[in-house]
Every structure is written in structure tokens, then in C-alpha cells.
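Sharing a structure with you now.
The values are calculated or read from the model by the stated rules, or taken from the named source; none is laboratory data. Note that the structure is a prediction, hence the values are computed from the model and not measured. Note: ideal-geometry Cβ built from the backbone for every residue, glycine included; neighbour counts use all protein chains shown. Surface areas here come from the heavy atoms of the whole protein model, side chains and all, with no ligands, DNA or RNA. Shrake-Rupley method; radii C 1.70, N 1.55, O 1.52, S 1.80 Å.
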Amino acid sequence: MRDIKYSIRFLFLLLIIVGCEDDDEYVAPNTFVDAAFTTTWGTSVDKDVDINNYGSFMDLSNGTTKHEWTIPEGTFFLKGPLPTKANSFESNIIEDAGKVSDERTVHVLFTKGDSLTPIKLHNEYEEYTEFVLPTGWDTETNSSIFDTLRTVQKGAAWVLDYTIIVDVYDTIVADMEIRNLAGSKIDFKSQDVIDLKFGDALVFEDLSRSNNTSRPTTTIWTIHTIEENEDDEENIINVNEEKTIDTLVFNKRIGKFQGRLVSKRDRTEAVQADEETYEIPVTFNVTALDEALEQAGDVIEMADNSIEVSLSSKLVELTEDVSSNFMVEVNGVARPVASVSQNQLNADKLILVLETQLEGTDATNTVTVSYDGGSTTLKSVDERVLEAFSAVPVEVYVPIPVNNVGTVQKVTEDDAILVMFDQELDPASVMASADATMGFSAMVNGVASVVSSVEVDAADATVLRIMLSEELYRDDEITISYVGPGDILSIGAGELVDFGPVTVVPDEDNILGDVGMFENTLDTDWLNTGSNGAGAAEIVAAPTPDIVSDVVPSGNVMHLFAPDGNKPNTITSGTFAFEAGTAYRVKYKRYLGSTTSTAFAKHYFGDQNVNDQWNDPEDELGKWQLVEFTFIAAATSNGTVRIQPVPAGVSDVYYDDYTIQIDDNRP
């Protein structure tokens with residue numbers, strides 16, 4: 001029996017009293033008549049209770065001429081006052097009370113699980129009345145759903161009949177079923193042993209949820225060793241989950257095991273937690289597979305020079321040094337095995353490391369591995385000992401040449417040149433080299449430059465970080481070349497393939513990022529904070545130029561139109577950091593429409609204003625051109641970037657690929 005959480009305590013009104021209302025066919029007298037009741041559950045629509053617990057019901061009506069509570073079989077009226085905590089309420093049952101009571105307040109004990117337990121209220125009045133009660137919750141309006149109950153005239157009386165549905169949770173009675181993978185039921189309750197081979201599987205189903213009374217929420221399956229004391233048991237299978245059906249695989253150990261089912265229900269605000277354990281009345285006898293444990297599949301030398309030997313089944317944890325039981329031969333000459341270990345991801349694979357590793361040239365030789373069968377440590381999980389094998393061919397790893405791929409990039413921050421390859425490089429080959437720069441050369445603005453260091457990038461092993469002995473700038477023309485031999489190798493001992501000269505691309509370090517690409521709609525990255533008159537700003541497809549040039553926009557562009565002082569004011573939605581005294585280089589593509597008659601536009605970086613002049617001889621209307629200028633930040637700020645056409649005349653201008661970067665050009 002459980003503690004009682006919800007005694008009568010505060011009996012909140014379940015109903016909202018409406019009282020007498022005008023009706024087309026009825027005029028209420030002046031006497032006061034209304035209907036109302038409340039329960040233990042207050043205004044809650046769901047009325048949940050666990051078995052052998054009780055709920056209270058109170059009729060709060062005025063003006064009744066008859067009143068009755070009617071309860072079903074499996075319920076009993078209790079005599080109050082009731083204790084807030086008790087193991088049993090049977091002593092409070094009102095003997096011979098029957099199933100009907102005319103008491104205004106009743107306490108009802110529930111002894112039978114049923115989600116549709118009816119508690120009926122019958123009231124009679126001399127006059128018509130109606131009332132409103134909540135019947136649910138509208139998630140769209142986030143409000144209660146109400147229903148209006150009206151009395152019905154029967155003879156001289158106005159009658160209200162209403163049924164309160166209580167959801168009674170029964171105690172859990174655990175039960176289960178076992179099936180084979182073909183779906184056939186196993187009559188485990190009438191047999192002593194279920195014989196299984198290691199790796200066999202059975203389907204277990206928790207039948208405790210097959211009715212609507214106890215409603216467990218969690219199923220726990222355990223298969224455990226057989227011990228005199230439960231505390232000494234060791235689980236070989238332990239599954240805890242919400243689903244009722246699971247396939248249990250017996251692949252952890254051989255021997256005789258037993259099992260149990262624990263069916264549980266979580267505690268809620270209204271219903272106590274419950275659980276029951278069912279001891280499965282059968283022994284699971286798991287025996288070893290009939291087949292031998294042997295070497296199976298290819299034996300392969302890996303890129304790290306280890307040799308991987310595949311077996312037919314998973315092994316138990318290797319606890320002894322078995323290297324002396326293995327032999328690798330190259331053209332009949334033994335190569336001592338330094339160590340034998342298990343693959344950490346696949347327990348059916350052994351990893352052999354030789355004292356003298358194989359070379360790529362050994363691919364043309366006869367390389368074999370043998371095992372003498374002399375170790376009892378090498379055994380499967382089901383305790384089969386590994387069979388001896390001899391002269392199994394080893395597939396020798398041939399190093400793959402390492403190719404330069406992708407763009408060679410210069411990092412502005414430290415002048416590092418990043419060269420990417422199609423394989424991970426071995427830092428150990430760099431550390432072991434007397435001169436890791438051997439084979440590398442560089443040209444800066446047509447003049448040979450000294451390569452001062454080469455190392456594998458710590459964040460990406462496919463990248464080499466190359467440093468030159470001189471300071472580099474963004475506008476330098478730099479090339480990198482490699483001509484072997486050199487000492488740097490891949491993880492698989494592959495050598496670098498000659499490349500170059502490859503042009504080094506400087507890091508743009510664009511402060512604006514993608515904002516200056518103008519690919520998003522207006523009011524996303526850029527805002528028009530106020531146009532006057534016919535001034536307009538829009539992000540559109542690039543116009544077809546009147547004069548074709550090498551400068552081509554990359555996608556959508558910003559169009560600013562400002563006729564005769566009617567201008568837009570475009571500004572970034574985000575802010576960007578500018579540091580006092582730092583020189584910044586601004587670059588963008590610009591197109592002047594054929595009707596343009598003004599001379600420049602204003603660009604603001606924080607509060608700093610720079611004019612974009614377009615009255616130079618090379619500036620042409622109807623042509624995409626590349627514009628570039630620098631400015632020095634007068635103050636440190638975190639400000640917006642703003643573009644504003646200049647009044648007087650017509651400004652019809654397009655911008656694209658707007659870039660702001662710290663000025664790193666060669667002085």
C-alpha cells in the first residue's frame with residue numbers, strides 16, 4: 001500500500017459556477033439555485049489514482065431536492081476523517097454502505113484497476129440551472145476547453161446526471177514471453193533448460209503492459225550467473241529501456257545462466273511508482289561453437305608497418321606476451337616479432353609489430369606469418385583455443401606517393417605558408433631529418449628566398465607549415481616548389497611527389513566575411529535605414545555592362561540610386577572592430593550606371609568617413625571596375641560600415657565583393 005499524496009486537503013472547485021441564465025423557453029425564478037462539485041483532483045481534467053488508494057468527492061450545489069453519489073464494483077465508501085499516510089484503508093470501509101450515498105461529501109476507496117472507473121453524480125432541483133466545467137486544454141490558444149452542463153426537466157424536477165471518470169492504476173503483475181528468431185514461442189515455464197550455442201539470440205517480450213491497468217513504463221532484462229547469494233551474481237546481459245520487446249544475444253560467456261524481468265512504472269504527481277520482479281523459471285545453457293577458432297581472411301601489412309592478422313571469432317582480452325609463438329619470414333628468413341596485441345576496435349584481429357619492419361620493396365618477396373598453437377591465452381570468448389597455422393601470405397604495404405593538392409595559402413598573422421597534401425604526413429620523419437627543408441625552394445617577387453623551416457601542422461597532419469627567412473606581404477608574388485629527394489614521409493612511408501612552382505595565395509583576412517558579397521536580401525546583412533524622395537537601395541542581380549572588362553561580379557550586387565539629393569542610407573546590421581592607428585585596405589568591384597552625374601559616394605567605417613571618388617580618367621560609366629583605397633583608423637571602435645551616395649546630380653552605382661582587411665601590402 002502506498003502513501004496517500006492527495007487526501008481531501010483543499011478541494012478546489014472543478015466547476016466554474018455560472019448560475020441562473022436567461023433561456024428562450026424558461027425564465028428562472030428569483031430563488032438561488034446552482035450546481036457545482038469538486039474532487040481531490042481539483043481542476044485537473046485527468047483524475048489518476050493507484051489501486052488501494054482513495055479519492056474524495058464533494059457536492060457543492062445549492063437548492064437540491066435530491067442528491068446521490070453512485071460507485072461501481074471494486075470501490076467502497078470510506079468513513080472519515082482519513083489519515084494522510086496509511087498502509088491500508090480497509091479498516092475505514094463503511095460496512096453495508098452499498099454503492100449509493102446521499103452524503104454531500106464521500107471518500108471512495110479504489111481496489112480494482114480500470115482506466116474508466118465511473119463515479120456518478122445525480123442531483124435534482126426545483127428550478128433549471130446550468131454550469132460550466134473544464135474538459136480539456138487547447139494547445140493552440142493555450143487555454144482551457146469548457147463544456148456547459150444543463151439540467152433536464154423530468155416531471156416536476158430538473159435533473160443533472162454526470163459521470164466522473166477516474167483512471168485507477170493497478171499494481172504491476174510481471175509476465176513475459178520468449179520466442180526464437182523465427183517467431184515461435186518457447187514454453188519456458190514447463191522446461192528446465194534452454195540450450196543455446198554461443199552467439200544465439202532470443203526475443204524477449206514484457207507482457208506486463210498488455211492491459212490498461214498497471215501501465216509500466218520501463219522494462220529491465222538481466223541474464224546473470226547462478227550464485228547462492230544474489231549479491232554475488234554477475235550480469236552477462238543487462239538491458240534497461242522503455243520498449244517492451246528486445247532481442248538478447250548470448251555472446252558474452254559460455255555456461256549456465258538464469259534471468260529476471262523487472263517491470264517498473266515511474267512515479268507521477270498523482271500515482272505512486274511500482275515495480276515487480278519476475279524470476280525467469282528456466283536455465284539458459286550456453287555452450288561453445290562447434291567450429292574451430294582459426295586464422296581467417298587476409299593478413300595485411302598496414303600503413304604504420306604493423307601486420308594485421310584476422311581470426312574467425314573475437315578473442316578474450318590478451319594478458320600475456322605471445323610474440324614468441326609467432327614467426328614472420330621474408331624469403332624463408334625469419335623476422336623476429338617484437339609484440340602481439342589486439343586491435344582495440346575489433347577483438348577478432350591481432351596486431352603484430354616486427355623488430356625490423358617490412359619495406360615497400362618486400363612486396364616482390366615471399367612474406368609469410370605462422371603461429372605454433374602453443375598459447376592457451378589466445379582463445380575466443382566462448383573459450384575455444386586458437387588453432388596453429390603456418391606460412392599464411394602477408395600482403396605487404398606499398399607506400400603511396402604523396403601529392404600536393406588544393407591552394408597553397410599564406411597566413412597574414414605569422415607569414416606561414418600552408419601546403420596541403422592528399423595524405424597525413426608523419427611528424428616523426430620531420431623530427432628525424434637532419435634538414436627537413438631539403439628539396440623545398442621559394443621565390444618572392446622573382447628573387448630566390450631561403451626556406452628556414454618546415455613542419456607538420458599541429459591541427460591538420462595533411463598540411464606542411466613552411467616559413468621563409470624574410471618578412472612577407474599580402475601583395476608579394478610568392479611561389480613554392482619541391483624537388484626530391486627529401487626526408488618527409490607520409491604515415492605510410494610515402495614520399496613527396498615533386499611539385500611547383502605553385503603560386504601562394506595570400507589570406508584575405510576579410511573583416512566583413514560574407515557580408516560584403518551582398519548575397520542575402522536587404523535587411524539581413526545590410527539595412528536601408530531611410531531613403532528620402534526617389535532614393536532607393538536594393539540587392540539585385542548584376543546589370544549587364546555596357547563595356548566588358550576583366551572585372552566580373554560574383555553574384556548578387558548592391559544597387560544604390562540617388563537622384564538630385566534623394567538618397568538611401570545603407571548600413572551593415574552588424575558591427576566590426578577597428579583599431580586606432582591601424583591601416584586598413586578597402587577593395588570592392590564598382591559599376592557606374594550610364595546616368596551617373598555625381599563625382600563620389602561616402603563610405604563610413606564606424607564614425608570615420610572616406611570618399612569614394614570616381615572622377616579619375618580611368619573611371620568609366622557602364623563598366624565594372626576594381627576600386628581600392630586605404631585609411632588609418634583614427635580611433636578604436638566597434639562600428640558599422642555605411643555607404644551613402646552624395647547629393648546633387650544622379651548617383652546610380654552598384655557594388656560587389658566588398659572587402660576590408662588590415663593593410664599588409666609591401667611598403
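Given the criteria small (G, A, S) and over 30 Å from Y397 (Cβ atoms), does S306 qualify?
When the stated conditions are applied, S306 does not pass them.
If I go through segment 31-56 residue by residue, how many of them are at pLDDT below 85, out of contact with any Ser or Thr (no Cβ under 7 Å at 6 or more places or on another chain) and either part of a strand (DSSP E or B) or open to solvent by 20 Å² or more (accessible area, probe 1.4 Å) (or both)?
4
Tell me which residues, restricted to segment 642-667, are of a type in the set (D, E) and in a strand (DSSP E or B).
D652, D656, D657
Can you pull out every residue in segment 636-667 that is of a type in the set (D, E, K, R) and in contact with a helix residue (DSSP H, G or I) (Cβ under 8 Å, 6 or more places away or on another chain)?
Those that are of a type in the set (D, E, K, R) and in contact with a helix residue (DSSP H, G or I) (Cβ under 8 Å, 6 or more places away or on another chain): D656, D657.
Something else: With the structure loaded, tell me whether V286 is buried (at least 19 other Cβ atoms within 10 Å of the Cβ) and not in a strand (DSSP E or B) or whether it fails that test.
Here the answer is no, as V286 does not meet what is asked.
Right, here's the next one. Return the residue satisfying two criteria in turn: it lies in segment 212-265 and is surrounded by 13 or more Cβ atoms within 10 Å (Cβ to Cβ) and of a type in the set (D, E), and of such residues it is farthest from I51 (Cα to Cα).
Checking each candidate, the answer is E233.
Given the conditions (1) touching a Pro at 6+ places or on another chain (Cβ under 9 Å); (2) under 28 Å from T43 (Cα atoms); (3) open to solvent by less than 40 Å² (accessible area, probe 1.4 Å); (4) not basic (K, R), which single one is not true for A174?
A174 satisfies every listed condition except (2).
Give me the strands (runs of 3 or more DSSP E) completely within segment 57-147, filtered to those with at least 2 residues that are surrounded by 14 or more Cβ atoms within 10 Å (Cβ to Cβ) and of a type in the set (D, E, K, R), ordered by residue number.
114-125
Return yes or no: is A97 touching a helix residue (DSSP H, G or I) at 6+ places or on another chain (Cβ under 9 Å) and among the aliphatic types (A, V, I, L, M)?
Working: touching a helix residue (DSSP H, G or I) at 6+ places or on another chain (Cβ under 9 Å): no; among the aliphatic types (A, V, I, L, M): yes.
So A97 does not fit the description; no.
Could you look through segment 425-463, keep only residues that are buried (at least 16 other Cβ atoms within 10 Å of the Cβ) and of a type in the set (S, T, Y), and pick out the one that is farthest from F499 (Cα to Cα)?
Only one residue fits best here, namely S429.
What number of residues in segment 321-369 are in contact with a Lys or Arg (Cβ under 6 Å, 6 or more places away or on another chain) and among the aliphatic types (A, V, I, L, M)?
3
Could you check segment 497-523 and list, in sequence order, the residues that are within 19 Å of E471 (Cα to Cα) and of a type in the set (D, E, K, R)?
Of everything in segment 497-523, those that are within 19 Å of E471 (Cα to Cα) and of a type in the set (D, E, K, R) turn out to be D507, E508, D509.
Let me ask something additional. Check every one of the strands (runs of 3 or more DSSP E) wholly within segment 153-204 and list those with 1 or more residues that are more than 21 Å from E241 (Cβ to Cβ).
Working: elements: 157-169, 176-179, 193-197.
In segment 153-204, 157-169, 193-197 are the strands (runs of 3 or more DSSP E) which contain 1 or more residues that are more than 21 Å from E241 (Cβ to Cβ).
Right, here's the next one. From the list D564, D546, which one is of a type outside the set (V, I, T) and out of contact with any Leu (no Cβ under 9 Å at 6 or more places or on another chain)?
D564
Suppose we keep only residues that are under 46 Å from the mean Cα position of the chain (by Cα) and of a type in the set (F, W, Y) within segment 596-623. Which one would you say is most open to solvent (accessible area, probe 1.4 Å)?
That would be Y604.
Let me ask another. I'd like to verify a number: residues in segment 506-544 that are in contact (Cβ under 8 Å) with a residue 12 or more places away in the chain and in a loop (DSSP other than H, G, I, E, B), how many?
Total meeting the criteria: 23.
Follow-up question, since we're still on this one. Cβ-Cβ distance below 6 Å, separation of 6 or more or different chains: which pairs start in segment 464-480 with a residue that is farther than 16 Å from D509 by Cα and end on one that is open to solvent by 10 Å² or more (accessible area, probe 1.4 Å) and among the small types (G, A, S)?
M467/S452; M467/S453; L468/S449; S469/S452; E470/S449; I480/G500
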